[in-house]
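The values are calculated or read from the model by the stated rules, or taken from the named source; none is laboratory data. As the structure is a prediction and not an experimental result, all values here were calculated from the model. Because the Cβ atoms are built from the backbone with ideal geometry, glycine has one as well, and the counts that use them run over all protein chains shown.
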Amino acid sequence: MESKPLDSDSYPCMNCGAALKYKPGTTCLHCDYCGTDTPIDTKVADEVRESDFQQYVQSFEKLNLHATKVITCRKCGAESTFDESLKSVACPYCCTPLTEPDAHEERLIQPSYLLPFKIRDNELPAYMSSWLEKRWFAPDKLKSRALYANSFQGVYIPCWTYDAQTETDYKGERGDTYTVVTGSGKNRRTETRVRWSYAAGHISLFFDDVMVPASRIINPGIMDKINNWDTMNMVEADNRFLSGFITEKYVLNMTTGYNIAKSKMEEDIRYAIRQAIGGDRQRINSAKTSFHNIKFKLILLPVYMSSYTYAGKRYHFFVNGRTGRVTGDRPYSVIKITLAVISVIILITLLALFAGM
């Protein structure tokens, strides 16, 4: 049963009036009914503009908020927005059918930029096949089940990015190792000792586009596995690129996202301090960091998702909509693992026999 499409931007075909969808890898909207392509007048952003974080925190109500219809999955809780070109709607994560009564309206910050889908859905089986062929311990029937159990759904994933200039004063100790020989006779041994010396200094680091996924559908680890986003090809956010795709609502607000980004920056700062202290070992006794000129933006990244059921359990695949890079979870074949273990045992036994001859 088809679900009722939600109220959102819809782009009718000038030739037949049917709803147009964005055609991945192009700058056109495409009509599935009559084949007409309608150009999107856009270009890659020459200069990426970012917003001042402190200013937005202090005046949240003055943000570029827009009333957006959001639909919530009753089963897994994932929240997304949809456009009218989608004839039927299912949750991209758990495949539960979604309908109009599940929708509500929210005022959300609008994305500044997006990376349009580049790979088309009919190209995805080739990428999936290549990935599955490398999963030697997967069951033999997995390939057909994974490729054809459910169709791929294109989803734009929201991500925050943060810039900051950091200044850090640190105090610590540098440890230089050396060896000494102690004892005599049978008690003679070599010991490694550390000579510690005082160290202090200043570290100045600029962080550019520290990315924090704001998704409930995909965890940060998944986004890291399908990374290498060509963000230099981002375009200004335009709903025409979203036509025919699901856009997930961000679940991390910009303040929470910044705190996560700040933790990532602090990890890099501590690494830089250790590099500056030098020596064989380092101790950081104190590090006082100030963050200046903090900027942020909200962007959308293209991901294809698919799920399938194997032996009563659901598994998920995720594909970078720009590069085709694949990751996901999958079952393991007990038979293949057992055979591999037996083969290793036989090999070790044969080597031992030859060694003893």
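Points worth noting:
Results for (1) without any contact (Cβ under 8 Å) to a residue 12 or more places away in the chain; (2) part of a helix (DSSP H, G or I); (3) under 23 Å from V48 (Cα atoms), shown as yes or no for each residue.
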{"site": "G244", "(1), (2), (3)": "no, no, no"}
{"site": "Y250", "(1), (2), (3)": "no, no, yes"}
{"site": "T255", "(1), (2), (3)": "no, yes, yes"}
{"site": "K262", "(1), (2), (3)": "no, yes, yes"}
{"site": "R270", "(1), (2), (3)": "no, yes, no"}
{"site": "R274", "(1), (2), (3)": "yes, yes, no"}
{"site": "R283", "(1), (2), (3)": "no, no, no"}
{"site": "A287", "(1), (2), (3)": "no, no, no"}
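- Verdict on L301 being under 30 Å from E167 (Cα atoms), in contact (Cβ under 8 Å) with a residue 40 or more places away in the chain and either part of a loop (DSSP other than H, G, I, E, B) or not small (G, A, S) (or both): no
- Scanning the range 202-220 for residues that are under 23 Å from T166 (Cβ atoms) and not aliphatic (A, V, I, L, M) yields H202, S204, F206, F207, D208, D209, P213, P220.
- Candidates T179, T166 - the one that is of a type in the set (V, I, T), under 38 Å from the mean Cα position of the chain (by Cα) and assigned to a strand (DSSP E or B): T166
- Exclusive hit being surrounded by fewer than 17 Cβ atoms within 10 Å (Cβ to Cβ) and modelled with pLDDT under 80, set E123, E167, E106: E106
- Restricted to the range 207-217, and to residues there that are among the β-branched types (V, I, T) and under 15 Å from G257 (Cα atoms), the residue that is nearest to the chain's Cα centre (by Cα) is V212.
- Residue count, the range 185-200 (criterion: touching a residue at least 12 places away in the same chain (Cβ under 8 Å) and over 15 Å from R283 (Cα atoms)): 3
- Answer residue from the range 1-15, given it is among the acidic types (D, E) and either more than 28 Å from the chain's Cα centre (by Cα) or surrounded by 15 or more Cβ atoms within 10 Å (Cβ to Cβ) (or both) and is modelled with the lowest pLDDT among those: E2
- Residue ID - modelled with the lowest pLDDT, chosen from residues in the range 16-56 that are surrounded by fewer than 15 Cβ atoms within 10 Å (Cβ to Cβ), under 27 Å from the mean Cα position of the chain (by Cα) and farther than 22 Å from D230 by Cβ: Q54
- Positions within the range 273-324 being more than 26 Å from G257 (Cβ to Cβ) and hydroxyl-bearing (S, T, Y), in sequence order: S286, S306, S307, Y308, T309, Y310, Y315
- For the range 308-328, the candidate set comprises residues that are buried (at least 20 other Cβ atoms within 10 Å of the Cβ), modelled with pLDDT under 85 and out of contact with any Gly (no Cβ under 8 Å at 6 or more places or on another chain); within that set, the residue that is nearest to E248 (Cα to Cα) is G328.
- Selected residue [farther than 30 Å from T192 by Cβ, surrounded by fewer than 20 Cβ atoms within 10 Å (Cβ to Cβ) and at pLDDT below 95] from E266, E236, E248: E236
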